[in-house]
Amino acid sequence: MVCVVTKAAPLAAAARPEIRVALAGNPNAGKTTVFNAITGARQHVGNYPGVTVEKKEGERTVGDAFVHVVDLPGTYSLTAYSLEEVVARNYVIDERPDVVIDVVDASNLERNLYLTTQFIELGVSVVVCLNMVDMAESMGRSIDTELLSELLGVPVVATVASKSEGVEELLTVAIQTARDGHGAARDVRYGRELEEHITELVELLEGAGGLPGVPSRWVAIKLLEDDQEVCGDVARDVPGGEELLDHVVRIRAHLEAVVGDDAELALADRRYGFINGACAEAVTSSAEEAVDWTERIDRVVTSRVLGIPIFLILMWGMFELVFRFGAPPMGWLESGFGWLGTQAAAWLPDGPLQSLLVDGIIGGVGGVLIFVPQIMLLFLVISLFEDSGYMSRAAFVVDKLMHHIGLHGKSFIPMLIGFGCTVPAIMATRTLESRRDRLTTMLVTPLMSCGARLPVYVLLTGAFFAPQLAGKVIFSIYVLGVLLAVLMARIFRSTILTGPLTPFVMELPPYRMPTLMGTLLHMWERAWCYIRKAGTMILAASVVIWALLSYPTPPAGFDLQGEPEIAYTVAGRLGRVIEPVIRPLGFDWKIGISLTAGMAAKEVVVATLATTYSIEESEETGSTAVREAMRRDPIFTPLVAYVLMVFVLIYPPCLAAMAVLWRESGSWKWLAFAVAYTTTLAWLVSFIVYQGGRALGLG
């Protein structure tokens, strides 16, 4: 459990050269756009200590102030319902940022200000960033920011972060607020009955010393809300805490009898009453009804008839774009690495060093890096889907189908993220309330084709399928992954993970025009992870694979019985051991080596094939030569190439994804089960496709 309170310090920040800013807000309020507008490319990503929640930080110099910004996880409240909410709240309490910028969606003001009221109750210095005011105006709403600021008692700055409008003013106000400290924010008043008990608890807390560093009123409210994190801290850190909690239980029972609702609902109603009153004063609507384009578009893209066809067309279009527009720059990179390999071979004398550099490093790493254009295009389209608001619609569209397999549309969000990378996709399952839903989604998400598998698909389709068919072949592999995920989810929910379906409300954010900077930043962040992997892990793997494929060399006069020298190496012998198992799939020992190496990272499958055929075809270099060598290899046919793509799709994900699955599931047994079932499923499906293809005369 993450501790809520660890340090005592005044919440008001003192003036100093560095201003620490926490950026908070609801999901889909444009918080990431604000963060990008403030920090630009000066960002770095890590994890919060001790948890798997991503931590984004950035810097900005404004006048004489150095602003350090931490982008908190998106959250609807500061009540500890999810790990993200706990992390966001603990950061504000424990780390004491000088100011919190609360990003509020101006077109959905009532819901977004709920989090604002909780920051005010917590006693922190808050600046409200009233984002997307242009969208509110397009809906016929006008917001008096000065009046809203007066009603809330905190600064309010209107922005359109997608156009960088108001961002400089926001920073100026935030810096001034940080230096001035907490102002005269207005507390929410909860009515006579609730206020009497809040006051009673405040007096009891202060009499016992309270929790250090946080207002006793906020602690009292959280106790009435039955916040388990705060209750645990009171029991542990406040003298007589257990007796106090027993008293709180009696108060909650009394309130439920008096007001007809439990205390948490009563408090929430009063907060919304305060918010509605402020909005009634500060927000005016035009007499003319604004055109609701979001609703009009949703009638088409989320309809029962057109929703799924539109989704499939967009997915198909994504893969066509990736393959067709990514092919020319891929060819340029391929030519560049081919030239580099030729020059290196000419500069260095024949021998192990030349083979290591040309076949191992340039052939292996270069064989992976040439796919960067396709990877960037894939992440570009996924970023557009996320930033425009369509990603949530895709989940909504498949929600009915997901119900048939024992899940709901919310589970499809991690699966869609899995098209980019399995690691964040598995981490995204934390948004699911039920452990059964989380485990089921974690187990099937690796069946979605991540970006690391794309180089394998592109290499094989480029070698064995006509250009006009390549995109369709790749699309079929992605569809197969989705269908298998649906099938396995149904099996798991009917057998090992039975239980009722957890209800939820699907949130559909308004459509937005993605910003150029935000989209490019999202694309670059993900693509850079791929490039960095190629320069570190894949480089190391390529060197190891080269060594295993090069040594030992057969002694002079040794009879290889018609086999290439590579069959005598460590890798060749390992391939021979596993060949009987994979022979029914149409694979030989060389393919077995690449699949074994691909357990580390799927890109290594490409690096291994490139190294293997570079060593065998020592007179040629470059990916084109590798494809030509694969075409000349009698083991390879279009059917075998397709089966290899199917196997790579299904068998266990990379080591990083498996480590995250173990950490998120909390048990190595679930990891072992995931590895076992994906390996078995990969063999069975590949066997059916290969043997079925041969029976149809496709072999």
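From the list ASP227, ASP246, pick out the single residue that is among the charged types (D, E, K, R) and either modelled with pLDDT of 85 or more or surrounded by fewer than 19 Cβ atoms within 10 Å (Cβ to Cβ) (or both). Sole residue among the options that is among the charged types (D, E, K, R) and either modelled with pLDDT of 85 or more or surrounded by fewer than 19 Cβ atoms within 10 Å (Cβ to Cβ) (or both): ASP246. A Cβ distance below 6 Å, combined with a sequence gap of six or more or placement on separate chains, defines the contacts here; from the range 652-680, residues that are under 19 Å from ARG453 (Cα atoms) and without any contact (Cβ under 8 Å) to a residue 60 or more places away in the chain reach residues that are part of a loop (DSSP other than H, G, I, E, B) and of a type in the set (A, V, I, L, M, F, W, C) in the pairs LEU655/ALA600. Residues in the range 569-605 that are under 29 Å from ILE531 (Cα atoms) and acidic (Asp, Glu): GLU603 only.
Does the range 425-437 hold any residues that are of a type outside the set (S, T, N, Q) and within 15 Å of the chain's Cα centre (by Cα), and which are they? Give the derivation first.
Here is the first cut: in the range 425-437, the residues of a type outside the set (S, T, N, Q) are 425-428, 430, 432-433, 435-437.
Answer for the range 425-437, where residues must be of a type outside the set (S, T, N, Q) and within 15 Å of the chain's Cα centre (by Cα): ALA425, ILE426, MET427, ALA428, ARG430, LEU432.
GLN354 - would you say it is of a type in the set (S, T, N, Q) and without any contact (Cβ under 8 Å) to a residue 12 or more places away in the chain? Yes: the conditions hold for GLN354. Name the single residue, out of those in the range 337-358 being out of contact with any helix residue (DSSP H, G or I) (no Cβ under 7 Å at 6 or more places or on another chain) and outside any helix (DSSP H, G or I), that is modelled with the highest pLDDT. Per the stated criteria, the residue is PRO349. Scan the range 131-154 for residues that are in contact (Cβ under 8 Å) with a residue 40 or more places away in the chain, more than 23 Å from ALA37 (Cα to Cα) and either surrounded by fewer than 16 Cβ atoms within 10 Å (Cβ to Cβ) or basic (Lys, Arg) (or both) and the total you get is 5. The set of residues in the range 615-644 that are of a type in the set (A, V, I, L, M) and either at pLDDT 80 or above or outside the structural domain of ALA682 (by TED's automatic domain parsing) (or both) comprises ALA629, MET630, ILE635, LEU639, VAL640, ALA641, VAL643, LEU644. Among residues of the range 24-40 that are on the phi > 0 side of the Ramachandran plot, those with a Cβ under 8 angstrom from a residue that is aliphatic (A, V, I, L, M) and modelled with pLDDT under 85, sequence gap 6+ or separate chain, pair up as GLY40/MET517.
Within the range 323-336, is there a residue that is at pLDDT 80 or above and more than 30 Å from SER476 (Cβ to Cβ)? Checking the range 323-336: at least one residue is at pLDDT 80 or above and more than 30 Å from SER476 (Cβ to Cβ). Residues of the range 654-665 include none that is over 23 Å from the mean Cα position of the chain (by Cα) and in a helix (DSSP H, G or I).
The listed residues are ALA452, ALA466, ALA470, and the only one of them that is surrounded by fewer than 20 Cβ atoms within 10 Å (Cβ to Cβ) and not acidic (Asp, Glu) turns out to be ALA466. The range 81-182 holds strands (runs of 3 or more DSSP E) entirely within its bounds, and those carrying 2 or more residues that are more than 29 Å from PHE66 (Cβ to Cβ) and assigned by TED's automatic domain parsing to the domain that holds LYS56 map to 141-143. Only a single item in (1) surrounded by 15 or more Cβ atoms within 10 Å (Cβ to Cβ); (2) farther than 22 Å from LEU312 by Cα is not met by LEU447, and it is number (2). Only one of the listed residues (VAL157, VAL219) is under 28 Å from PHE35 (Cα atoms) and crowded, with 16+ Cβ neighbours inside 10 Å. That residue is VAL157.
The values are calculated or read from the model by the stated rules, or taken from the named source; none is laboratory data. From a predicted model like this one, the values you see are computed outputs, not experimental measurements. Counting neighbours? That spans all protein chains shown, and the Cβs are built from the backbone with ideal geometry, glycine included.
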